[in-house]
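As structure tokens, the structure follows; a few thoughts come after it.
The values are calculated or read from the model by the stated rules, or taken from the named source; none is laboratory data. Nothing here was measured: the structure is a model prediction, and the numbers come from that model. Note that each Cβ is placed from the backbone with ideal geometry, even for glycine, and that neighbours are counted across all protein chains shown. Ligands, DNA and RNA are stripped out before the accessible areas are found, and what is left, the full protein with its side chains, is counted by its heavy atoms. Shrake-Rupley method; radii C 1.70, N 1.55, O 1.52, S 1.80 Å.
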Amino acid sequence: MSLVIGLTGGIGSGKTAASDWFAQQGIMVVDADVAAREVVAIGQPALQQIQTQFGDWALLPDGSLNRRAMRDYVFAHPEARQQLEAITHPLIRQHIIQQLQQAQSPYVLLVSPLLFETNQHALVEQSILIDVPETLQLERAGQRDGQSPEAIQNIINAQMSRAERHAKATHIIVNDQDLPHLYQALGPLHQQLLQQAMTARNT
């Protein structure tokens, strides 16, 4: 299997911009958020379990998951978040592993905002943290999502602290400027990972 590298960062940090750049270099990207959506799609067993656990309000009229209502509910009820994660996390992990095993690129990127908070970090050999100051997170996420500063702050507070992420990450890329600056920082790291992947493949 290809060398597996985790990519993480808080809301508004620029994870997507970074993972898009790696994809343009020919690196396969496995997105945990996409996997999370796929395991609760209409017809999937997890969706039925969520409806049974939480009630019909958890679904929209078309039968799909009511993401906004669910998100608001689990933020207000920590025990509900644990129940939801007990249903979805094992399935998400299984889905991710299947995709990682299919990777053909020299190394493969697992993009996950909750890489360190969940057991997904056990799936990677190294990790990249896209890091920005909290003030910039609030500014960027507000521009992108149109959410209130309070709502974004709640998301930041629910995620691992910046200091904890720093302690756990193998590589830290500071993304506090424009996209060309981010890409310039990613270039040498990409070359380093290619070299390591090649070395690992030849041993």
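Brief remarks follow.
- Chain lengthening between Leu60 and Asp20 when straightened (0.36 nm per residue, less Cα-Cα): 11.3 nm
- Degrees, to the nearest 10: 67-76 long Cα axis against longest axis of the chain: 90
- Distance (nanometres) between label positions extended 7 Å along Cα→Cβ at Asn154 and Val174: 3.2
- Accessible surface of the chain [probe 1.4 Å, protein heavy atoms]: carbon and sulfur percent: 50
- For the chain, the longest principal axis of the alpha carbon atoms and the long axis of helix 78-101 meet at an angle near 40°.
- Positive contributions from Lys and Arg (+1) and negative ones from Asp and Glu (-1), summed over other residues with Cβ under 11 Å from the Cβ of Ala185, come out at -2.
- Heavy-atom accessible surface of the chain, averaged per residue, reaches 53 Å², computed with a 1.4 Å probe.
- Exposure rank, largest accessible area first [His121, His181, His171; 1.4 Å]: His121, His181, His171
- For segment 27-67, the residues whose amide N sits under 19 Å from a probe point set 7 Å from the Cα of Gln147 along the beta carbon direction are 32-38, 65-67.
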